[in-house]
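Worksheet: one structure, shown below.
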Amino acid sequence: MASTRTQRAPRVFIDSSVLIAAAISNTGSARDLVLAGYRGDLHVFLSDLVLEETERNLRSKAPAAVAAFRVFRRFLPAVVVNPNRREVLKAARFVNGKDAPIVAAAARARADYLASYDRELLGQKREVSATFSVLIQTPKDIVRRKTP
């Protein structure tokens with residue numbers, strides 16, 4: 001008898017580096033990841049910090065992309081999760097201090113993946129996976145996967 005098991009859509013917390021790339025270019029894996037969120041192929045999670053950081057960096061480095069980012073922000077079916085101080089402090093024991101709020105938010109969202117291009121954060125994959133059960137991956141790696 002064939003299995004009728006349905007697969008749930010992966011839960012993906014998106015870092016500002018990915019949103020910036022998706023806003024700047026209408027092609028590439030960052031944009032593909034955002035489009036997968038629009039289609040409902042994955043559940044997208046963001047934090048207020050990620051949203052603020054994305055807009056601030058775009059305004060200073062790529063002002064022409066701010067409009068695209070604002071469209072994402074307005075229409076992307078994303079859940080905004082914000083970690084509390086205790087969660088950030090816990091994450092800071094395992095990752096770089098600047099990355100702790102991002103990892104804590106991904107953990108709070110119970111994300112399967114944390115999408116990032118941040119090399120430092122990507123270098124902390126093992127610690128984050130072992131401690132928080134969140135896989136840090138590039139958008140390309142996440143888009144290629146069929147299941148979490």
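Of the conditions (1) touching a Ser or Thr at 6+ places or on another chain (Cβ under 8 Å); (2) farther than 27 Å from ASN26 by Cα; (3) at pLDDT 95 or above, SER116 fails just one. Which one is it?
So SER116 meets the others, but not (2).
Might you let me know whether region 47-58 holds any residue that is over 22 Å from GLU120 (Cα atoms), surrounded by fewer than 17 Cβ atoms within 10 Å (Cβ to Cβ) and either charged (D, E, K, R) or over 14 Å from the mean Cα position of the chain (by Cα) (or both)?
no
Provide a single number: the residues in region 74-123 that are among the small types (Gly, Ala, Ser) and in contact (Cβ under 8 Å) with a residue 24 or more places away in the chain.
Within region 74-123, the first condition is being among the small types (Gly, Ala, Ser), and the residues that meet it are 78, 91-92, 97, 100, 104-107, 109, 111, 115-116, 123.
Now restrict to residues that are in contact (Cβ under 8 Å) with a residue 24 or more places away in the chain: 78, 91, 105-107, 109, 111, 115-116.
Residues that pass the stated criteria total 9.
Can you find even one residue in region 86-93 that is among the small types (Gly, Ala, Ser) and surrounded by 14 or more Cβ atoms within 10 Å (Cβ to Cβ)?
Step one: list which residues in region 86-93 are among the small types (Gly, Ala, Ser), which gives 91-92.
Those still in the list that are surrounded by 14 or more Cβ atoms within 10 Å (Cβ to Cβ) too: 91-92.
Yes; the residues of region 86-93 include at least one that is among the small types (Gly, Ala, Ser) and surrounded by 14 or more Cβ atoms within 10 Å (Cβ to Cβ).
Just checking, does region 89-111 include any residue being under 21 Å from GLY28 (Cα atoms), touching an Asp or Glu at 6+ places or on another chain (Cβ under 7 Å) and at pLDDT 95 or above? Talk me through it step by step, then tell me what you get.
The initial filter retains those residues of region 89-111 that are under 21 Å from GLY28 (Cα atoms), namely none.
For region 89-111, residues under 21 Å from GLY28 (Cα atoms), touching an Asp or Glu at 6+ places or on another chain (Cβ under 7 Å) and at pLDDT 95 or above: absent.
Would you call LEU33 more than 18 Å from ILE142 (Cα to Cα) and outside any strand (DSSP E or B)? Explain how you work it out, then say what you get.
Numbers: more than 18 Å from ILE142 (Cα to Cα): no; outside any strand (DSSP E or B): yes.
So LEU33 does not fit the description; no.
The values are calculated or read from the model by the stated rules, or taken from the named source; none is laboratory data. This one's a predicted model, so the numbers in the text were calculated from it and none came from an experiment. Neighbour counts are summed over all protein chains in view; Cβ atoms, including those assigned to glycine, are modelled from backbone coordinates with ideal geometry.
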